[in-house]
Amino acid sequence: MTQDTPSFPVKVAIVGCGNRGNIYSTYAQQSSRMQVVQLADRSPARLNSLAKKLSLDDSSCYSSWEDLLNAPKIADAVLICVLDRLHKEVAVAFANKGYHILLEKPMATEIDDCKEVYEAVRRNNVILGICHVLRYTAYNQKIKEIIDSGALGDIAGIQHMEPVGHYHFAHSFVRGNWRKEAETSFALMSKSCHDIDILLYFLGDKAQCTKVSSFGGLSHFTKDKKPAEAQGATKCLDCPHEQNCAYSAKKIYLEPTEKGHTGWPVDVITDIVDIENVHEALATGPYGRCVYECDNDVCDNQVVNMEFAGNKYVSFSMVAFTEEICVRKTRIFGSKGELVGDGNQSIEVYDFLTGQKTKHTPQLVSGSLAGHGGGDMGMITAFVSAVAYNDQSFLSSDAWSSLDSCVVVFAAEEARRQGKVVNLDEFRKQHNITNI
């Protein structure tokens, strides 16, 4: 039941003290609306670092999520920031203990696991926020406002592109945690479920996706693409071709450290960011590997085509080989006008009747929660409000819409793998997806 009087501060536990857990924890340092009361992480270094940052003593820290789950419940909500394959198990367990849940995307990595999360949330009547943070940027909310205002008329189609960024892809999807489907998930889910979700958000609940097709694969980061001068080398530190390689680990990690950079992506590869430790990480760890000698298998280039009810057609492209990193480009075509978004701060609307262009410049967020165009700040702010008022509607998606968003992603991947067009109604029936 919704509360007229909010309960602040919202007390939260954080499971996973890596990059995402750290980012969301800063909200507690900036606002009295949230208080972090417990932490859990299997890495003592990550756990101690975040505990020190938040001034939490050892009694508030746990070496596993299971230990935290079995401790006395003092938090209202849990922020789950663990690796993708753990999402279902952790989310279901905490839902069953009555915790409200903020869950990093994706909801889960298997369709049946997504259903389990959905059912656990519904059964225990807890709030669920999936971190589809693009919904919470001022930029995307302005696009949604323009569409809903009718300024574009009837929407006929959308073209949307995510430029992952050449060294971002090499870091995360060739050398890093999301490189291998068996360990995490396929690229469309682990990287671009954001994008499928934002397209569904733009078109709204009334425009259901009815069919999907997809093409894509691993086009470059394979052994057969390894330059001749690099043959025989497996690490960038001892490769004769390194200076001429755009994906050199020295260029991505060591050279920025030598210039004083201590943030992402360098802080991912070592707990202590200095030249000695970064060099050691490249010499002995996975991030120093040649990008043509890794065990990666996820797509580096993929397109998805979607048909929506009402004769609306949407195309999406995810590509690794770009200068920009995750600055999405969007064009929306309507019967009355066209919208062009630069993915950052500029949205232009051309009116067919008047021939005039209107430019919108949503304000950017600054600071530690400015990531994803301010979506990180918008996400945690909305979730804290939802918990404080016990009102899911503060969030722009609920458990069902989050599940259905994942269903479209799973259907698109089935279409890619099997080389067919997938009918969404048939796909939902096949997997027994119903809104209970």
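Some points to look at:
Okay, residues lined up against (1) out of contact with any strand residue (DSSP E or B) (no Cβ under 7 Å at 6 or more places or on another chain); (2) under 23 Å from His87 (Cα atoms):
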{"site": "Pro6", "(1), (2)": "yes, no"}
{"site": "Val10", "(1), (2)": "no, yes"}
{"site": "Gly18", "(1), (2)": "yes, yes"}
{"site": "Ile23", "(1), (2)": "yes, yes"}
{"site": "Ser31", "(1), (2)": "yes, no"}
{"site": "Val37", "(1), (2)": "no, yes"}
{"site": "Arg42", "(1), (2)": "yes, yes"}
{"site": "Arg46", "(1), (2)": "yes, yes"}
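- Test: residue in the stretch 162-169 that is among the acidic types (Asp, Glu), in the same structural domain as Val408 (by the TED database), open to solvent by 10 Å² or more (accessible area, probe 1.4 Å) and not in a helix (DSSP H, G or I): no
- Of all residue pairs spaced 6 or more apart or on separate chains, those with beta-carbon atoms under 8 Å, a first member in the stretch 57-77 that is open to solvent by 90 Å² or more (accessible area, probe 1.4 Å) and a second member that is of a type in the set (Ser, Thr, Tyr) are Lys73/Tyr99.
- Scanning the stretch 110-120 for residues that are within 17 Å of the chain's Cα centre (by Cα) and surrounded by fewer than 24 Cβ atoms within 10 Å (Cβ to Cβ) turns up just one, Glu110.
- Residues being more than 17 Å from the chain's Cα centre (by Cα), open to solvent by less than 10 Å² (accessible area, probe 1.4 Å) and within 27 Å of Ile80 (Cα to Cα) are represented in the stretch 387-403 by at least one member.
- Residue, farthest from Thr210 (Cα to Cα), within the stretch 404-420, restricted to residues that are of a type outside the set (S, T, N, Q) and exposed (fewer than 13 other Cβ atoms within 10 Å of the Cβ): Arg417
Yes or no, residue by residue, for (1) in contact with a helix residue (DSSP H, G or I) (Cβ under 6 Å, 6 or more places away or on another chain); (2) modelled with pLDDT of 95 or more; (3) of a type in the set (Ser, Thr, Tyr):
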{"residue": "Thr322", "(1), (2), (3)": "no, yes, yes"}
{"residue": "Thr330", "(1), (2), (3)": "no, yes, yes"}
{"residue": "Gln345", "(1), (2), (3)": "no, no, no"}
{"residue": "Asp351", "(1), (2), (3)": "no, yes, no"}
{"residue": "Gln356", "(1), (2), (3)": "no, yes, no"}
{"residue": "Met379", "(1), (2), (3)": "yes, yes, no"}
{"residue": "Ala382", "(1), (2), (3)": "yes, yes, no"}
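- Test: residue in the stretch 302-316 that is modelled with pLDDT of 95 or more, outside the structural domain of His166 (by the TED database) and either within 30 Å of Gly334 (Cβ to Cβ) or of a type in the set (Ser, Thr, Tyr) (or both): no
- Taking first residues from the stretch 26-50 that are within 20 Å of Gly371 (Cα to Cα) and partners that are among the charged types (D, E, K, R) and open to solvent by less than 30 Å² (accessible area, probe 1.4 Å), the Cβ contacts under 8 Å between residues at least 6 apart in sequence or on separate chains come to Leu50/Asp41.
- All told, Ala233 meets the bar of being more than 30 Å from Ser149 (Cα to Cα), in a loop (DSSP other than H, G, I, E, B) and touching a residue at least 24 places away in the same chain (Cβ under 8 Å).
This table checks each residue for (1) closer than 23 Å to Gly378 by Cα; (2) modelled with pLDDT under 95; (3) surrounded by fewer than 20 Cβ atoms within 10 Å (Cβ to Cβ).
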{"position": "Ile127", "(1), (2), (3)": "yes, no, no"}
{"position": "Glu145", "(1), (2), (3)": "yes, no, yes"}
{"position": "His160", "(1), (2), (3)": "yes, no, no"}
{"position": "Leu200", "(1), (2), (3)": "yes, no, no"}
{"position": "Gly204", "(1), (2), (3)": "yes, yes, yes"}
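- Hits in the stretch 121-156 - residues which are over 20 Å from Val314 (Cβ atoms), in a loop (DSSP other than H, G, I, E, B) and within 17 Å of the chain's Cα centre (by Cα): Cys131
- Set side by side, the residues Lys11, Lys53 differ, and just one is farther than 28 Å from Cys193 by Cβ and in contact with an Asp or Glu (Cβ under 6 Å, 6 or more places away or on another chain), which is Lys11.
- Any hit, the stretch 379-398, residues being free of Cβ contacts under 8 Å to residues at least 24 places away in the same chain and among the aromatic types (Phe, Trp, Tyr): yes
- Lys180 being basic (Lys, Arg), in the same structural domain as Ser346 (by the TED database), in contact (Cβ under 8 Å) with a residue 60 or more places away in the chain and not in a loop (DSSP other than H, G, I, E, B): no
- Flag: Val421 matches the condition of being in the same structural domain as Gly204 (by the TED database), touching a residue at least 40 places away in the same chain (Cβ under 8 Å) and either hydrophobic (A, V, I, L, M, F, W, C) or under 24 Å from Cys114 (Cα atoms) (or both).
The values are calculated or read from the model by the stated rules, or taken from the named source; none is laboratory data. Quantities reported herein were computed from a predicted structural model and do not represent experimental measurements. Note: ideal-geometry Cβ built from the backbone for every residue, glycine included; neighbour counts use all protein chains shown. When the accessible area is computed, the model is the full protein with side chains, heavy atoms only, and any ligands, DNA or RNA have been set aside. Shrake-Rupley method; radii C 1.70, N 1.55, O 1.52, S 1.80 Å.
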